[in-house]
Amino acid sequence: MNKYAKISLDGLIYQNPTFMLVLGTCPTLGLISSASSAAGMGLTVVVILTLSNIIISALRKLIPSQVRIPAYIVIIATLVTLARMILEKFVPSLYDSLGGFLALIVVNCIILGRAEAFASKHTVVESAVDGIATGLGFTAALTIMGIICEFFGSGSIFGLEIMSFTIDFFAKPAGAFMVYGICIAVFVYIMDNIERAKRIKKNKPLTHEALMSATPSGAEVA
């Protein structure tokens, strides 16, 4: 498999930061009551994660190992500050909906974790692909849960009213926590079944037809 395809699949699925690694729990539980807020946070993280990965990868040989974590935090904090200024100026509604969670991106485990585990050890292009894939995996997870919580809690999806009947429980943190847990369970169950199917396929006994086709011409099969 192409290395960039593998990096992308890891970020999106196999090492999904929300469903597989359970990172970034604070903004996840705080923002998935609204699909638009969840998607907005996810896309903001995509931009910041990608840029921080690129910068850290480019500077990885210049940053002393003794101060690498403080250096990473300074880079991420600078990007978050710029993102806050841009959102406040051009997308004030999204800025208001994200509230204090926007500032918490500075210490988001996903961004700092990818900086330490990936960007500091790989090329700029590979780090950029990792940032985009991991960010999109985070965005997809938040958006899916945001749609579920908003649909049941408010009867709408992205602010568009779908039904009048609502369940207030899903509009509260406890409801978000339950949806988060169920989504993790479903995702892990699906991934386990996929991996099990792959193992069964690899260990599948060789059929007579397959054995005959694999036998060199003129050879006899006992």
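Some values worked out for this structure:
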| item | result |
| --- | --- |
| Selection within the range 51-75 - in a helix (DSSP H, G or I), open to solvent by 20 Å² or more (accessible area, probe 1.4 Å) and either touching a Ser or Thr at 6+ places or on another chain (Cβ under 8 Å) or of a type in the set (S, T, N, Q) (or both) | Ile54, Ser65, Gln66, Arg68, Ile75 |
| Lys121 touching a residue at least 60 places away in the same chain (Cβ under 8 Å) and assigned to a loop (DSSP other than H, G, I, E, B) | yes |
| Candidates Ile111, Ile76, Ile105, filtered to the one that is within 19 Å of the chain's Cα centre (by Cα), of a type in the set (Val, Ile, Thr) and closer than 14 Å to Gly40 by Cα | Ile105 |
| Some residue of the range 189-201 being in contact (Cβ under 8 Å) with a residue 12 or more places away in the chain, more than 19 Å from Leu98 (Cα to Cα) and open to solvent by less than 40 Å² (accessible area, probe 1.4 Å) | yes |
| Residue count, the range 82-99 (criterion: farther than 20 Å from Ile32 by Cα and open to solvent by less than 70 Å² (accessible area, probe 1.4 Å)) | 1 |
| Residue among Ile110, Ile105 that alone is among the aliphatic types (A, V, I, L, M), closer than 22 Å to Val22 by Cβ, in contact with a Pro (Cβ under 7 Å, 6 or more places away or on another chain) and open to solvent by less than 20 Å² (accessible area, probe 1.4 Å) | Ile110 |
| Flag if Val46 is open to solvent by less than 30 Å² (accessible area, probe 1.4 Å) and under 24 Å from Glu150 (Cβ atoms) | yes |
| Selection within the range 29-76 - more than 21 Å from Glu116 (Cβ to Cβ) and among the polar types (S, T, N, Q) | Ser33, Ser34, Ser36, Ser37 |
| Test set (1) open to solvent by 30 Å² or more (accessible area, probe 1.4 Å); (2) out of contact with any Leu (no Cβ under 8 Å at 6 or more places or on another chain) - Ser36 fails condition number | (2) |
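The values are calculated or read from the model by the stated rules, or taken from the named source; none is laboratory data. Bear in mind that the values here come from a model prediction, so they are computed numbers and not experimental data. Every residue, glycine as well, gets a Cβ built from its backbone with ideal geometry; the counts of neighbours run over all protein chains shown. SASA here: full protein model, heavy atoms, side chains in, ligands and nucleic acids out. Shrake-Rupley method; radii C 1.70, N 1.55, O 1.52, S 1.80 Å.
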